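The values are calculated or read from the model by the stated rules, or taken from the named source; none is laboratory data. Note that the structure is a prediction, hence the values are computed from the model and not measured. Here the Cβ is made from the backbone with ideal geometry for all residues, glycine too, and neighbour counts use every protein chain on show.
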Number of protein chains: 2
Amino acid sequence: MFREDIKVMDCTIRDGGLINDHYFTDEFVKAVYRAVSAAGIDYMEVGYRSSRKYAPPGDFGAWKYCDDDKIREIIDGIESNVKLSIMVDAHRVAEQHFAPADESPIDMIRIATYAKDIDKAIALVNRCHDLGYETTVNIMAISAENEYDIVEALDQVAKTPTGTVYVVDSYGYFFSEQIHHMVKLYKEHLPGKRIGIHCHNNQQLAFANTIEGIRHDCNLVDGSLYGIGRGAGNCPLELLVGFLKNPKFSLEPILKVIQEYMIPMREELEWGAMIPYVITGILNRHPRSAIAVRKTDKKDKYVEFFEEMRDMQD
Amino acid sequence: MFREDIKVMDCTIRDGGLINDHYFTDEFVKAVYRAVSAAGIDYMEVGYRSSRKYAPPGDFGAWKYCDDDKIREIIDGIESNVKLSIMVDAHRVAEQHFAPADESPIDMIRIATYAKDIDKAIALVNRCHDLGYETTVNIMAISAENEYDIVEALDQVAKTPTGTVYVVDSYGYFFSEQIHHMVKLYKEHLPGKRIGIHCHNNQQLAFANTIEGIRHDCNLVDGSLYGIGRGAGNCPLELLVGFLKNPKFSLEPILKVIQEYMIPMREELEWGAMIPYVITGILNRHPRSAIAVRKTDKKDKYVEFFEEMRDMQD
């Protein structure tokens, strides 16, 4: 698939940070930055700009806050055309500071929100645009929202200056037809805006659904190295780059950083489409129960977990 | 997805046997038979009926030959509506004996072939039908065949009594659009025949591609427990059953046999979408080089393997 407009976002540090409280070493973050730079990836998301009031330092590593100076420590001296992104939860904005974009190493601010918090997201979009940042709006958990509320949110976002709105399958529930439906709905209600896609891999469909997004004109697409991310993880960046035929992309630097860093890391940190994540995906549920059960000695008691989850729906 | 005509085939013992020379214990084969019976699966494939001339006993376990008496040892005393299937390679037929179907525990014979061997496959179809078996024709490795040869094979198979012809993505190369194209081509050239689908998971697309087959009217669909199978493995049966909404299917027996047998087995035997399989999938190559490299101390030297595979294409 070659389409010049397609831009790729690497979420390794940001979504991966959700499984280690954002404690990645500088060495690793630099290695990822070098790899995605060499691979021709367009954007790299380095973490959250969280409030220290809601997320007390000591509980989290540096990539929970992504201070501009911390980012500079990583990127200084590395040649790169990669644009940097951070994520902000619209419903957890407090004292966080954002420098004017031309004084910051950050190019893009992605605003994560729920349909019900869309007004908070819009306020943040406006604030970030006034400072000169690119923005995206990522409405999460849409597979468990009613469509009326989604449409209402989209119609409001349509009037903002944000450039991109993401279809986000937080629960790893969707298959192709639902992706087609959602992307079509977003395009219809967001004239002139770019559509992004961010998928989770509960049912081993993150890459497939990302392809379906691309086939239906999503032009900002997310992946992460070896699929790292919370719970079942994300669309593996290596599969995505193998699929995109734009010669600006190169697979070797991605394979190299996977063999050097991700394989050893996977021995220490767990992510992927293990059965409890399959179960929450099939049932269209938040992965938190699956994440919790994987930390207990019942982590492979699938029948018990399935029955518990299924009966919670009654 | 509910469509009454959809039948599911479990390939655990047959495709899984390719990674342990078909040495499964009777206990395990019985456990799988009980599980798929309780889960409402339609067919279970127990292995190959290979020639002892080409495959000398001593090199292989019982499921390389699937003698009728061996199968009876497994199924005797277990209540089940599951139909049993065996696979035969059309290009390796020698002294194998097939009893008349009404004297055999076997219901279906699946004939694996290449486009170039289609005449051998047709001879075997006719022989098996004369004995009273259901048959399928599974033309392998079609992603690396030219379409003229595929169409010629299909046009010949169209005239045989076989009931089902499979779209087989042996190399795990296809994505949705190619599955749509192939299924359409098969339907066009095989009027009145059922189309089956058998996918490999090199690019984590086996389940997604199986869904795409189902969406385009494939009605005999293959899966295996926890995706076991050669190389990257197959479409995971648990994902398939989670997707199919026919109430005759039940997920619990499948989860149970996975937690009791497949999780410990995965510690001993390797299958799944490891990076060397990703690479052969992306490059549309037979997985044999990836299987080989995974048995060496270079198993995680992805860059080297990628460059070697890519350059072999020149």
Residues of segment B:258-292 being assigned to a helix (DSSP H, G or I) and more than 14 Å from chain A (Cβ to nearest Cβ), in sequence order, are B:Glu268, B:Arg288, B:Ser289, B:Ile291, B:Ala292
Restricting to segment B:183-240, what's the tally of residues that are over 23 Å from A:Gly281 (Cβ atoms) and in a helix (DSSP H, G or I)?
7
Any residue that is in contact with a Leu (Cβ under 8 Å, 6 or more places away or on another chain) and β-branched (Val, Ile, Thr) - is there at least one of those in segment B:112-133?
no
Go through segment B:210-236 and report how many residues are within 13 Å of chain A (Cβ to nearest Cβ) and under 27 Å from B:Lys299 (Cα atoms).
9
If A:Asn138 satisfies all but one of (1) free of Cβ contacts under 8 Å to residues at least 40 places away in the same chain; (2) surrounded by 20 or more Cβ atoms within 10 Å (Cβ to Cβ), what's the number of the condition it fails?
(1)
Of the criteria (1) hydrophobic (A, V, I, L, M, F, W, C); (2) buried (at least 24 other Cβ atoms within 10 Å of the Cβ); (3) within 11 Å of chain A (Cβ to nearest Cβ); (4) over 14 Å from the mean Cα position of the chain (by Cα), which one B:Ala206 fails
(4)
Test A:Ile282 against the stated conditions and say whether it is closer than 28 Å to B:Lys299 by Cβ and either within 22 Å of the chain's Cα centre (by Cα) or at pLDDT 95 or above (or both).
no
Of the conditions (1) more than 14 Å from chain B (Cβ to nearest Cβ); (2) surrounded by fewer than 24 Cβ atoms within 10 Å (Cβ to Cβ); (3) in contact (Cβ under 8 Å) with a residue 24 or more places away in the chain; (4) not hydroxyl-bearing (Ser, Thr, Tyr), the single one that A:His198 does not satisfy is (2)
Given (1) surrounded by fewer than 19 Cβ atoms within 10 Å (Cβ to Cβ); (2) in a loop (DSSP other than H, G, I, E, B), A:Ser37 misses just (2)
Scan segment A:21-39 for residues that are of a type in the set (Val, Ile, Thr) and out of contact with any helix residue (DSSP H, G or I) (no Cβ under 8 Å at 6 or more places or on another chain) and report the count.
1
Quick one: which of A:Cys11, A:Cys66 is closer than 14 Å to A:Ile228 by Cβ and assigned by TED's automatic domain parsing to the domain that holds A:Arg230?
A:Cys11
If I filter segment A:291-312 for residues that are touching a residue at least 24 places away in the same chain (Cβ under 8 Å), of a type outside the set (A, V, I, L, M) and out of contact with any helix residue (DSSP H, G or I) (no Cβ under 9 Å at 6 or more places or on another chain), do I get at least one hit?
no
Looking only at residues in segment A:293-313 that are surrounded by fewer than 17 Cβ atoms within 10 Å (Cβ to Cβ) and under 24 Å from A:Met140 (Cα atoms), which one is nearest to the other protein chains (Cβ to nearest Cβ)?
A:Arg310
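Where residues in segment B:237-246 are in contact (Cβ under 8 Å) with a residue 24 or more places away in the chain and within 8 Å of another protein chain (Cβ to nearest Cβ), which of them is surrounded by the most Cβ atoms within 10 Å (Cβ to Cβ)?
B:Leu239
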All but one of (1) part of a helix (DSSP H, G or I); (2) of a type in the set (A, V, I, L, M, F, W, C); (3) more than 10 Å from every other protein chain (Cβ to nearest Cβ) hold for B:Phe249; state the number of the condition that does not hold.
(1)
